[in-house]
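Colleague: I have a structure I would like to understand better, so I am pasting it below and will then ask my questions one at a time.
The values are calculated or read from the model by the stated rules, or taken from the named source; none is laboratory data. Everything quoted here is computed from the prediction, not taken from an experiment. So basically every Cβ, Gly included, is an ideal-geometry build from the backbone, and we count neighbours across all protein chains shown. All accessible areas refer to the heavy atoms of the entire protein, side chains included, with ligands and DNA or RNA removed. Shrake-Rupley method; radii C 1.70, N 1.55, O 1.52, S 1.80 Å.
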Amino acid sequence: MNNLLRILTVHSAKELLKYKSFFYLIFFLIFADRVIHRWVKTSQEGFGWPLGADLGRQTAEFVFVRLPEKLLQWLMDPRVLAIAAGLFLLKQVISLWPSSDMRRMHRMERGAFGVMEALAALRWHQMAWDALAVALVCVSTAFWVALAYLVGWGIWQQTGTAAALFCSAALAAAVFPLAMAGFSYSSKLAVISHGTFGSRLRLFLELFINWRLLWTSWVFFSCRMVAEALFVAIIPAGAILLIDSFWLRIAVAALSATPVYAYLKMASFKFFLEAYQGYDSVRQEYHRYYAALKG
């Protein structure tokens, strides 16, 4: 355990500073700031939402009475497919590309133009494999969320209280760290060169059938979700929406989001290497990294 903590903290931070790849994320924040302040009207006077029991009761009524019809309408809307395709492409950019870059880092192959080399190293079959793995995670997560919804719907029919919504939300939230682990591992397994399409798929499914891998991944990605929500979403969004000065809000958002997000990506890769070190294809791919750790 002490060795794992040292790898996730000291080693991750040292390599993050060594490669400095998080600086590129600042440009994304500047772009997001320009888009939000061009198209979104912000206010510091509050949103006028109902509070307490009224909010919970109204939300539960919407979720269990009107949401099914709304959901069907959304699924019939072609724009939803376009949004889904856009989200997949975004996932490729923020997951496959950095995973390719970190693969080269941990194989001691990264050159002066590491980011561009990582993009050039990607192949169509890796993207196809990643798409299949992501689809499996999405279907499994949707099935779990549907079960959570049915449990809450049954409670709603009996009680008509907001407790039904809280029950559904808690059950649904329990699967999200595992879904995030699946999204993370899919890109990392997609970029390795060893193993066939099917063998990598079997390796990916270990996340769901190997109890040790499942619970340790759930704990790690639960912690990552909390840190990411606070430092990468809440603080930067608050700065962009509420601070008038452009340079001040970019500074606050950048200092919060960019090093934390990059650190979490690096730590996640380190955790993947520790979690999967018992599997031959991963050990062969990163044999120099594992040898360096022992040395």
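Colleague: So between residue 248 and residue 116, what do we pick up on full extension, going 0.36 nm a residue minus the alpha carbon distance?
Modeller: 44.5 nm
Colleague: A further question on this structure: Grab the Cα-Cα distance for residue 74 and residue 208, subtract it from 0.36 nm times how many residues apart they are, and report the gain in nm with one decimal.
Modeller: 45.2 nm
Colleague: Between residue 81 and residue 135, what length comes free when the chain is fully extended (0.36 nm per residue of separation minus the Cα-Cα distance, one decimal in nm)?
Modeller: 18.0 nm
Colleague: So, for region 71-204, what is the accessible surface per residue at a probe of 1.4 Å, expressed in square angstrom?
Modeller: So region 71-204 comes to 53 Å² accessible per residue, rounded to a whole number.
Colleague: Which whole-angstrom value gives the distance between the alpha carbon centres of region 114-145 and region 198-213?
Modeller: 15
Colleague: On to the next question. What does region 141-231 give for Rg and for Dmax, in Å, if only its C-alpha atoms count?
Modeller: My reading of the Cα-based Rg and Dmax gives 16.5, 55 Å.
Colleague: Mind putting together the pair-distance distribution for region 174-222? All Cα pairs, 5 Å bins, whole percent per bin, short to long.
Modeller: 5, 22, 31, 23, 13, 6, 0
Colleague: Then there's this: Label residue 159 and residue 194 with points 7 Å out from Cα along Cα→Cβ: what is the distance between them in nm?
Modeller: 5.1
Colleague: By per-residue mean of other Cβ atoms within 10 Å, what is the highest-first order of 63-75, 132-144?
Modeller: 132-144, 63-75
Colleague: Would you kindly calculate the translational diffusion coefficient of region 65-164, applying Stokes-Einstein with the Kirkwood radius from alpha carbon pairs, for 10 °C and a viscosity of 1.306 mPa s, and quote it in µm² s⁻¹ without decimals?
Modeller: 94
Colleague: Hey, rough spin-label estimate for residue 90 and residue 173, points 7 angstrom out along Cα→Cβ, what's it come to in nanometres?
Modeller: Going from the residue 90 label point to the residue 173 one covers 2.2 nm.
Colleague: What accessible surface, in Å², does a 1.4 Å probe find on residue 216, ignoring ligands, DNA and RNA and rounding to the nearest 10?
Modeller: Per-residue accessible area (residue 216): approximately 30 Å².
Colleague: Once you've got the Cα coordinates, tell me which of 188/294; 265/294; 270/294 are over 18 Å apart.
Modeller: Check vs 18 Å cut-off fails for 188/294; 265/294.
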